[in-house]
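Structure record follows, encoded as structure tokens.
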Amino acid sequence: MRKAFAMFVMLLLIPGCGQESLNKQHELYLSNKGWEIKELLEVDTYQLEIPDEMLSNFEASGITFLGQYIGVEVTEYFYKLKEKEVEGKPLEVILFEVDGDIIGGYGILPNWEPGTFNLDDKERLRKEQKIKK
């Protein structure tokens, strides 16, 4: 019985071991832009490679920092925000770091063209009724 209980406790603890806690620096960065983090969804580190056409689309959306980091190892933090689109689904945001420093980020609004937005555009998105107030 004791052995079964110990295994049960281990099963409860294991899923939480790999979860990253919310990064206070990320919370402050997004808060300064008017956004509030609900939860961290994923963290990934890789060498940044973006096709030219996709990079042009990002830049057309006001997301201009990515081009200077092509070929550099970045860490991507994928968050769900508390703010929601007009249909009630939570917005998502991706923040990028290089060597522990935030280099920028962008938001994802799937039911809108082009689908990504500059994190400084919250008021514009509200005025255009793309997100809830």
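The values are calculated or read from the model by the stated rules, or taken from the named source; none is laboratory data. Here the structure is a predicted model, which means the values were calculated and not measured. Here Cβ is always computed from backbone atoms with ideal geometry, including for glycine, and neighbour counts include all displayed protein chains. These area figures cover heavy atoms from the full protein model, side chains too; ligands, DNA and RNA do not enter into them. Shrake-Rupley method; radii C 1.70, N 1.55, O 1.52, S 1.80 Å.
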Applying the Karplus parametrisation 6.51 cos²θ - 1.76 cosθ + 1.60 with θ = phi - 60° to the phi angles of the range 126-131, what ³J(HN,Hα) value in whole Hz is obtained for each residue in order, glycine and proline being reported as x?
5, 4, 7, 6, 8, 10
Considering only protein heavy atoms and a probe of 1.4 Å, how much of the accessible area of the range 23-133 is carbon and sulfur, as a whole percent?
43
The local net charge around Tyr46, scoring Lys/Arg +1 and Asp/Glu -1 for residues other than Tyr46 whose Cβ lies under 11 Å from its Cβ, equals -4
State the answer as a single residue: which of Pro110, Phe96, Val74 lies farthest towards the positive end of the charge dipole of the range 51-133, with beta carbon charges of +1 for Lys and Arg and -1 for Asp and Glu, about the Cα centre.
Pro110
Enumerate by residue number the GluC sites (Glu not before Pro) in the range 22-68 meeting two conditions: DSSP loop (anything except H, G, I, E, B), and at most 16 other Cβ atoms within 10 Å of the site's Cβ.
Glu36, Glu49
Can you list residues from other chains, or at least 5 along the same chain, whose modelled amide H is less than 5 Å from the amide H of Ile103?
Phe96, Glu97, Val98
What lysines sit close enough to Lys122 to cross-link, taking a C-alpha to C-alpha distance under 27 Å and skipping anything fewer than 8 places away on the same chain?
Lys24, Lys33, Lys38, Lys80, Lys82, Lys84, Lys89, Lys130, Lys132, Lys133
Between Glu123 and Thr45, what length comes free when the chain is fully extended (0.36 nm per residue of separation minus the Cα-Cα distance, one decimal in nm)?
25.0 nm
Going residue by residue through the range 33-47, the Karplus relation 6.51 cos²θ - 1.76 cosθ + 1.60 with θ = phi - 60° gives ³J(HN,Hα) values, rounded to whole Hz and with x marking Gly or Pro, of 9, x, 10, 10, 6, 8, 7, 7, 9, 6, 10, 9, 10, 6, 7
Give me the extension gain from Ile70 to Gln25: residue separation times 0.36 nm, minus the current Cα-Cα distance, reported in nm with one decimal.
13.8 nm
If packing is taken as the average number of other Cβ atoms within 10 Å across a peptide's residues, how do 123-132, 86-95 rank, most packed first?
86-95, 123-132
Whole-Hz Karplus ³J(HN,Hα) for the range 95-108, in order, using 6.51 cos²θ - 1.76 cosθ + 1.60 and θ = phi - 60°, x for Gly and Pro?
10, 10, 10, 10, 6, x, 9, 5, 9, x, x, 8, x, 10
The set of residues whose placed amide H lies less than 5 Å from the amide H of Trp35, leaving out same-chain residues fewer than 5 positions away, is none
How much net charge surrounds Asn32 when only other residues with a Cβ under 15 Å from its Cβ are counted (Lys, Arg +1; Asp, Glu -1)?
-3
Pull out a ≥ b ≥ c, the square roots of the eigenvalues of the alpha-carbon gyration tensor of the range 74-121, then state rounded if a/c is under 1.5, prolate if not and a/b is larger than b/c, and oblate in the remaining case.
prolate
Counting sequence-distant residues (5 or more places) and residues on other chains, those with an amide H built under 5 Å from that of Leu81 are Lys38, Leu91, Glu92, Val93
